Amino acid sequence: CRSCWDLSSGINAEYGGEAVGTKIDACADVLMTVFRVCASDSRTSIEYSKRWGLMTIINLLFKCYFKTNKLHLCKPLIKAIDNNNKDIKDEYTIADRVTYNYFVGVKFMFDNEFKAAERCLTFAFENCLQSSMSNKRKILTYLIPVKISLGFMPKVTVLKKYDLCEFENVVTAVRNGNIKLLNQTIEEHAPFFIRAGIYLILEKLKVITLRNLFKKIYLITSSFQMDVTNFKLALNWQGLEDVDLDETECILANMINDGFIKGYLSEAHKKMVVSKVTAFPALTDFL
């Protein structure tokens with residue numbers, strides 16, 4: 001099975017283009033045949049069961065589907081492990097489990113299931129060999145935006161250790177509510193973020209950055225009733241000069257609706273009234 005993948009990867013490297021999808025799809029078809037054999041072996045005693053090879057085959061299928069951008073085909077593979085192999089899920093080799101959790105974590109990230117993504121990617125990172133710096137760096141490329149999306153900011157020392165300084169200003173911008181810096185950083189390092197497949201995930205961090213900006217206004221004013229004009233001026237100051245009062249209200253309404261802010265808008269008085277208990281809930285409470 002690994003030879004099958006190696007052959008298709010070799011064709012990919014040598015020819016590229018249409019040959020990539022065709023040969024990798026053929027590889028996936030062969031692997032799927034083996035997968036069905038392993039998955040259906042439920043009557044053999046566990047020590048001799050073909051199910052022990054299931055995670056290895058699934059990891060190879062993940063590689064095929066990620067390469068050809070067919071991530072929707074990963075779902076039944078994940079279900080095969082979670083539902084049908086619970087008894088031996090934690091008994092597979094650590095290498096297979098690290099690879100499996102890496103792919104599943106990335107899949108969860110693309111599906112905006114950030115808590116599940118964090119769980120899987122954290123397992124992969126913590127159990128990856130310390131000597132495999134390139135693999136740990138690859139895992140962190142996805143784990144970092146997931147952590148930030150949940151409100152946890154990585155340390156600068158970690159970014160420097162794994163040569164991921166592209167995220168340094170992203171962390172600073174999100175933490176400080178600096179939407180201008182975030183836009184500049186995303187634009188500056190766009191080739192890296194696009195290549196890694198996380199550009200759109202970073203775009204979604206703009207909402208969290210605005211949430212942190214608005215939270216600063218709330219802390220400065222020390223009031224549960226705030227003029228919408230204050231938020232408009234803050235957005236204009238951050239480089240969003242074209243944002244008017246109506247658009248500011250729209251942004252606030254969407255953030256209230258999505259759970260970033262607990263409160264409501266008073267259209268008559270042009271104010272936002274927030275909860276006296278938890279005006280800005282922790283991101284982990286609703287994401």
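The values are calculated or read from the model by the stated rules, or taken from the named source; none is laboratory data. Just so it is clear, the structure is predicted and the values come from calculations on it, not from any experiment. Quick reminder, even Gly has a Cβ in these numbers, built from the backbone with ideal geometry, and neighbours come from all protein chains shown. When the accessible area is computed, the model is the full protein with side chains, heavy atoms only, and any ligands, DNA or RNA have been set aside. Shrake-Rupley method; radii C 1.70, N 1.55, O 1.52, S 1.80 Å.
A few notes on this one:
- Computed about the Cα centre, the dipole magnitude for region 20-94 is approximately 260 debye when only Lys and Arg (+1) and Asp and Glu (-1) carry charge, each at its Cβ.
- Close amide-amide hydrogen proximity is noted between Ser275 and Lys262, Gly263, each under 5 Å apart and 5 or more residues distant or on a separate chain (H modeled in the peptide plane; Pro and chain starts excluded).
- J(HN,Hα) series, region 188-202, from Karplus relation 6.51 cos²θ - 1.76 cosθ + 1.60, nearest Hz, glycine and proline x: 5, 9, 3, x, 5, 5, 5, 4, 7, x, 10, 4, 5, 5, 5
- The structure-derived value of Rg and Dmax of the Cα atoms in Å appears in the list (1) 23.1, 73; (2) 20.7, 78; (3) 20.0, 56 under the label (1).
- Net charge dipole size for region 150-287 [Lys, Arg +1 and Asp, Glu -1 on Cβ; Debye, nearest 20]: 660
- Region 132-166: chymotrypsin sites (Phe, Trp or Tyr not before Pro) in DSSP loop, at most 10 other beta carbons within 10 Å: none
- Surface exposure of the chain, expressed per residue as accessible area with a 1.4 Å probe, stands at 53 Å².
- Filter on Lys50/Lys79; Lys206/Lys232; Lys147/Lys204; Lys63/Lys204; Lys115/Lys215; Lys50/Lys70 - keep pairs with C-alpha separation over 20 Å: Lys63/Lys204; Lys115/Lys215; Lys50/Lys70
- R0 of 22 Å, Cβ-Cβ distance Leu73-Ser49: FRET efficiency to nearest 0.05: 0.35
- Cα lying deepest toward the dipole's positive end in region 51-179, options Phe114, Cys74, Ala95, charges on Cβ: Cys74
- Stretching Lys276 away from Asp163 to a fully extended chain increases their span by 36.4 nm, per 0.36 nm per residue minus the current alpha-carbon distance.
- Percent accessible area from carbon and sulfur atoms, the chain, protein chains only, probe 1.4 Å: 53
- When the helices of the chain are scored as -39500 (n - 2.57) per DSSP H run of n ≥ 4 and the total is divided over every residue, the value at 222 nm lands at -20500 deg cm²/dmol.
- Once C-alpha pairs closer than 8 Å and six or more residues apart are averaged by separation and normalised to the residue number of the chain, the relative contact order reads 10 percent.
- Relative to the dominant Cα principal axis of the chain, helix 245-257 is inclined by about 50°.
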